[in-house]
Amino acid sequence: MPQVGGTVRRMIDELLIRDLGVIEEASLRLSPGLTVITGETGAGKTMVVTALELLLGARADAGLVRSGAEKAYIEARLAPAPAAAEDWADGEDELIVSREIPADGRSRARINGRLAPVSALRDVIGEAVEVHAQHEHVRLERPAVQRSLLDRFAGDAHARNLERYRDLHGRWRAAVSRRERLDDDARERARELDRLEFELAEISAAGLDPEADGTIASRLELLEHAEELAGSARRAELAVGSEGAGEPLGAAVSALRAVRVDDEAYRSLRDRAEGLAAESAELAADLRRFADELELDEEVLEELRDRRQLIAGLQRKYGESIETILDYAASAADRVAALRSEQDEATGLDEQIRSLRAELDEVATTVRRGRQVAGEALARAVDGHLGDLAMPHARFGVVVEPTDPGPTGADTVRFELVANPGDPPRPLATAASGGERSRVALALEVALADVDEASVIVFDEVDAGIGGATALAVGAKLARLAHGRQVLCVTHLAQLAAFADVHHVVEKGVRGGRAVTTSRTVEEDGRAAELARMLSGDPGRDAGLRHAEELLAEARGRRAG
């Protein structure tokens with residue numbers, strides 16, 4: 001399994017294509033290193049790239065289904081399974097992804113045999129497989145990818161600065177967000193604070209005392225019935241006093257005291273009579289005292305009624321009992337303290353935000369400087385490769401421009417190209433033709449080979465518009481790029497194919513009166529004949545074979561060098 005920097009690279013072990021375009025069935029066993037796919041024009045070799053794009057979630061068109069077939073089917077096996085496929089791999093060491101395109105109806109995707117949204121294909125294998133097709137959107141043209149690649153190219157010191165920036169940005173944004181929330185809540189907080197302070201003042205002014213206020217009801221009842229209670233007490237006093245029950249009780253005691261005998265039963269009766277007489281006298285005195293002390297005080301009565309009404313009003317607002325009202329007041333006081341703390345926090349956050357922003361801007365400048373230095377180095381490296389790829393006048397550039405701080409920095413990063421002398425710099429997507437863009441992508445990939453995490457890179461017709469020595473240079477660079485990863489290249493040039501570790505040929509034939517396309521692997525002893533066919537159309541001519549042998553020797557020499 002190929003590795004880069006000690007990291008195991010994911011690769012495609014096998015690619016199966018059935019009834020896609022002109023391909024009836026093609027099964028390609030793939031290996032680490034450089035794999036080339038060749039074939040005559042119209043044989044369908046580009047369909048291999050189309051198949052991989054479909055496995056990456058590209059839009060499916062029923063017109064891609066081979067005429068007469070019910071559906072097209074593409075399947076790839078990757079090993080080991082990409083990290084993003086953890087939820088699909090079920091602990092397996094490999095991952096199988098497939099796409100089915102019916103001649104009528106919606107396409108279906110499967111990951112390890114389970115139905116999956118088409119978008120999940122890119123999520124699962126998009127970081128591992130990258131396709132450079134001439135007429136499709138290229139990953140390297142996306143600003144986020146350009147920035148990420150430049151950051152990795154910039155090295156470890158820059159990575160540490162970027163990590164520090166991200167930490168500061170997270171803290172700064174958190175403080176700003178908190179401050180904004182406090183601002184958004186300021187009016188509601190002020191309203192709540194006014195309400196709570198009014199309620200606390202109202203409760204505090206009442207001076208509630210659970211013990212004293214708990215007797216109001218009984219005191220009111222006593223005062224409201226004072227006259228009736230006093231009259232009842234005086235009548236009761238007469239009934240039990242000396243003019244009532246007291247006189248006969250006294251006579252009973254005198255009678256029992258008149259005879260002195262030492263009899264326990266008799267003594268008990270006398271003691272009970274004496275007790276009743278004493279209790280009667282004491283009760284009469286208490287009744288008289290109660291009646292004397294009980295007098296109607298209209299002022300006190302009115303005060304108690306007002307107090308009862310005040311407490312009832314508080315109970316309707318804050319609780320059913322005095323204890324509940326006081327509990328509410330304690331909670332309200334805590335909330336007031338929290339609201340006032342938020343006001344103080346807003347003031348403190350302003351200073352924190354200013355401090356963090358100053359530090360963030362300083363680190364952002366360092367990050368920008370690191371990107372600019374790395375961009376200049378990357379441009380020099382890419383320009384050197386472009387010169388070898390028959391684009392000697394092309395100039396690659398990296399533009400780093402300040403912008404508002406974001407999670408990845410305070411810059412925008414843009415890869416630009418001057419394709420011809422006198423042309424203005426343009427973004428990669430519009431600066432060059434399809435073939436030139438493929439060569440620029442190749443130059444970038446080689447320059448970024450040590451930092452780009454894609455483990456499978458696919459080029460479609462990267463050799464468009466070149467030949468001879470330039471084609472050899474392209475082949476050498478592809479071979480270099482294939483160190484530690486898997487590179488697939490669709491080509492029509494023998495000079496490039498000579499550098500292949502694995503060579504597949506896509507061939508068109510006739511079966512049952514219909515044109516069909518299949519694939520085969522060119523064994524080592526047959527490579528010269530296939531290269532000769534690509535050179536002259538005749539695999540058996542001695543001159544073509546000699547030339548093919550020379551190309552193979554040249555490729556081996558360059559790879560060894």
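Please report the net charge: other residues with Cβ closer than 15 Å to the Cβ of Arg257, K and R +1, D and E -1.
Details: positive: Arg260, Arg267, Arg270, Arg272; negative: Asp262, Asp263, Asp271, Glu274.
Result for the local shell: 0.
Shape class for the range 31-72: oblate, because the ratio a/c of the largest to smallest gyration tensor axis (alpha-carbon atoms, square roots of eigenvalues) is 1.5 or more and b/c is at least a/b.
Bridgeable lysines around Lys508 (alpha carbons under 23 Å apart, same-chain partners fewer than 8 residues away excluded): Lys45, Lys71. Taking a straight Cα-Cα cut-off under 15 Å and skipping sequence neighbours fewer than 8 places away in the same chain, the aspartates and glutamates within cross-link reach of Lys317 are Glu197, Glu199, Glu202, Asp327. Taking a ≥ b ≥ c as the square roots of the eigenvalues of the Cα gyration tensor, an a/c ratio of 1.5 or more together with a/b larger than b/c marks the range 283-426 as prolate. Solvent-accessible area assigned to carbon and sulfur over the chain amounts to 48 percent, based on a 1.4 Å probe.
Kindly express, to the nearest 10 degrees and within the range 0 to 90, the angle between helix 226-240's C-alpha long axis and the longest C-alpha principal axis of the chain. It is inclined by approximately 50 degrees. To the nearest ten degrees, helix 468-481 and the longest principal axis of the Cα atoms of the chain are 30 degrees apart.
Between Gln315 and Ala190, what length in nm is gained on full extension when 0.36 nm per residue of separation is reduced by their alpha carbon distance?
42.5 nm is the gain from fully extending Gln315 to Ala190.
The calculated FRET efficiency for Glu345 paired with Ala377, based on their beta-carbon distance and R0 = 51 Å, is about 0.65.
Suppose R0 equals 51 Å; then what is the FRET efficiency for Glu247 and Glu323 from their Cβ-Cβ distance, rounded to the nearest 0.05?
0.45
Each label was represented as a point 7 Å from its Cα along the Cα-to-Cβ direction; for Ala553 and Arg335 these points are 9.3 nm apart. In terms of accessible area, using a 1.4 Å probe and ignoring ligands and nucleic acids, Glu302, Glu53 rank largest first as Glu302, Glu53. Grab the other residues whose beta carbon is less than 9 angstrom from that of Arg18, score K and R as +1, D and E as -1, and report the net. It works out to a net charge of -2. Each peptide in 483-493, 149-159 receives the mean, over its residues, of other Cβ atoms within 10 Å, and ordering these scores from highest gives 483-493, 149-159. Solvent-accessible area per residue in the chain equals 51 Å², computed with a 1.4 angstrom probe and all protein chains kept. By a 1.4 Å probe calculation restricted to protein chains, Met47 has an accessible surface near 40 Å², given to the nearest 10. Could you tell me the distance between the Cα centroids of the range 13-62 and the range 244-283, to the nearest Å? A separation of 127 Å, based on Cα centres.
Annotation: extensible slack from Glu299 through Ala157 equals 42.4 nm (criterion: 0.36 nm per residue apart, minus Cα-Cα distance). Packing, taken as the mean count of other beta carbons within 10 Å per residue, orders the peptides 27-40, 270-283 from highest to lowest as 27-40, 270-283. Using every pair of distinct Cα positions in the chain, the Kirkwood expression returns a hydrodynamic radius of 32.4 angstrom.
Put a dot 7 Å past the Cα of Arg260, heading toward its Cβ, do the same for Glu94, and the two dots end up 12.9 nm apart. Taking one quarter of the surface of the convex hull spanned by the alpha-carbon atoms of the range 431-561 gives a direction-averaged projected area of 9.7 nm². As a rough guide to protection, the peptides 57-64, 495-502 ranked by mean Cβ packing within 10 Å, highest first, stand as 495-502, 57-64.
Can you give the local net charge around Leu552? Use residues other than it whose beta-carbon is closer than 12 angstrom to its beta-carbon, Lys and Arg +1, Asp and Glu -1. Please report the intermediate quantities before stating the final value.
Working: positive: Arg527, Arg546, Arg556, Arg558, Arg559; negative: Glu524, Asp525, Glu530, Glu549, Glu550, Glu554.
Overall, the nearby charge balance is -1.
For the range 315-380, the orientation-averaged shadow of the C-alpha convex hull comes to 7.6 nm² (one quarter of the hull surface). Using only Cα atoms, locate the centre of the range 88-117 and the centre of the range 323-364, then give the distance between them in Å, rounded to an integer. A separation of 52 Å, based on Cα centres.
Taking the Cα centre of each part, how many Å lie between the range 480-509 and the range 398-450? The range 480-509 and the range 398-450 have Cα centres separated by 26 Å.
Per residue, the convex hull spanned by the Cα atoms of the range 1-126 measures out at 105 cubic angstrom. Once both labels are positioned 7 Å from their Cα atoms along Cα-to-Cβ, the gap between Ser148 and Ala79 label points is 2.7 nm.
Within the chain, what percent of beta bridges assigned by DSSP are antiparallel, to the nearest 5? So the antiparallel bridges in the chain amount to around 70 percent.
The values are calculated or read from the model by the stated rules, or taken from the named source; none is laboratory data. None of these values were measured; they are calculated from a predicted model. So basically every Cβ, Gly included, is an ideal-geometry build from the backbone, and we count neighbours across all protein chains shown. Heavy atoms of the whole protein, side chains included, go into the accessibility calculation; ligands, DNA and RNA do not. Shrake-Rupley method; radii C 1.70, N 1.55, O 1.52, S 1.80 Å.
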